[in-house]
Amino acid sequence: MAEPLSQSEIEERLGELPGWSLDGGRLTRAYRLDSHFAATSLVIHVAQIQEELNHHSELTLGYNTVALSVHTHSAGGAVTGLDVELARRVEAVAPAHGAR
């Protein structure tokens, strides 16, 4: 089981993840894209990453937006290294979809 991160560890990790924040005990981020198709493409890519990590987020698709909210259920709903890894991987692929 993944261990919960301390508040200072979360803040340190967030410093490495521009646009991500802690909201209600979850890591969150919203992306704006140029079109619904681009947003849908990003959602599919995020779903692939989630499957690879076997770690899933709340993922919301809007017309030209994608929002993520993630925490680790098996750690009592705390933020863990798995959440940070998911955020890092999404952050790495989002620009290729035109996310800003």
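Each value in this text was obtained by applying a stated rule to the coordinates, not by laboratory testing. Keep in mind that what you see is a predicted model, and the values were worked out from it rather than measured. Heads up, the Cβs are rebuilt from the backbone with ideal geometry, glycines too, and the neighbour counts pull from every protein chain shown.
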Potential extension, GLU16-GLU3 segment - 0.36 nm per residue separation minus Cα distance: 2.7 nm
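Would you mind getting me the FRET efficiency between ASN64 and ARG88? Use the beta-carbon distance for r and R0 = 22 Å, nearest 0.05. Before the final figure, lay out the partial values.
Working: r = 24 Å, r/R0 = 1.07.
My answer for the efficiency is 0.40.
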Selection from THR80, GLY15, THR28 lying farthest towards where the dipole of the chain points positive, charges on Cβ: THR28
Environment charge of ALA99, counting only residues whose C-beta is closer than 15 Å and scoring Lys/Arg +1, Asp/Glu -1: +3
Acute angle (nearest 10 degrees) that the helix 36-53 long axis makes with the longest principal axis of the chain, alpha-carbon atoms: 30 degrees
For the chain, diffusion coefficient by Stokes-Einstein and Kirkwood Rh (Cα), 37 °C, 0.692 mPa s, µm²/s: 243 µm²/s
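Reported to two decimal places, what Rg/Rh ratio describes segment 58-100 when computed on Cα atoms with Rh from the Kirkwood expression?
Numbers: Rg = 11.9 Å, Rh = 11.5 Å.
The Rg/Rh ratio comes out at 1.04.
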Student exercise, the chain dipole from Lys, Arg, Asp, Glu Cβ charges, in Debye to nearest 20: 340 debye
